[in-house]
Amino acid sequence: MAPTPNLDALANGGMRFTRAYTNPACSPTRAAMLTGRYAFRSGVTGTLPFNAPGIDPAEIQLPVPLTAAGYATALIGKWHLGTRWGNWTPNLLGWPHFA
């Protein structure tokens, strides 16, 4: 087993989540991860079909509090939370860089 001193230090000095709720599909899991809320609270309860408007624009996503705290944010990878504004959807929902 590879040594993981940094991860071990984080686990020992922070909060550990030993029980969690998960979703069986990608869209609700992404919504939960990016908002910090259960997927059913964000309105994304299943895999979104092609051209679905997607996650509610009123949902506060990670870049908002992180940017306010001085962090630079970017979203790299699959969005799959709707196409309300086409390819610019992540950028218009708070992500300054999306690729």
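The values are calculated or read from the model by the stated rules, or taken from the named source; none is laboratory data. Every value quoted in this text rests on a predicted model; they were computed, and no experiment measured them. We place every Cβ from the backbone using ideal geometry, glycine too, and count neighbours over all the protein chains shown. Quick note on the areas: whole protein, heavy atoms, side chains included, nothing else; ligands and nucleic acids left out. Shrake-Rupley method; radii C 1.70, N 1.55, O 1.52, S 1.80 Å.
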Pair list, Cβ < 7 Å and 6+ apart or interchain, from region 36-62 residues that are farther than 18 Å from N91 by Cβ to residues that are open to solvent by 70 Å² or more (accessible area, probe 1.4 Å) and hydroxyl-bearing (S, T, Y): Y38/Y21; A39/T45
Residues being among the aliphatic types (A, V, I, L, M), within 16 Å of the chain's Cα centre (by Cα) and either outside any helix (DSSP H, G or I) or under 18 Å from T22 (Cα atoms) (or both) - total across region 58-87: 8
Inter-residue pairs, beta-carbon under 8 Å, first surrounded by fewer than 17 Cβ atoms within 10 Å (Cβ to Cβ) and in region 72-86, second of a type in the set (F, W, Y) and not in a loop (DSSP other than H, G, I, E, B), 6+ apart: A74/F98; I76/F98
Test set (1) at pLDDT 90 or above; (2) open to solvent by 30 Å² or more (accessible area, probe 1.4 Å); (3) in contact with a Phe, Trp or Tyr (Cβ under 9 Å, 6 or more places away or on another chain) - P63 fails condition number: (2)
Check on N91, exposed (fewer than 10 other Cβ atoms within 10 Å of the Cβ), free of Cβ contacts under 8 Å to residues at least 24 places away in the same chain and in a helix (DSSP H, G or I): no
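Just for helices (runs of 4 or more DSSP H) wholly inside region 1-57: which have at least 3 residues that are within 19 Å of W79 (Cα to Cα), open to solvent by less than 60 Å² (accessible area, probe 1.4 Å) and modelled with pLDDT of 90 or more?
Passing ranges, in order: 26-35.
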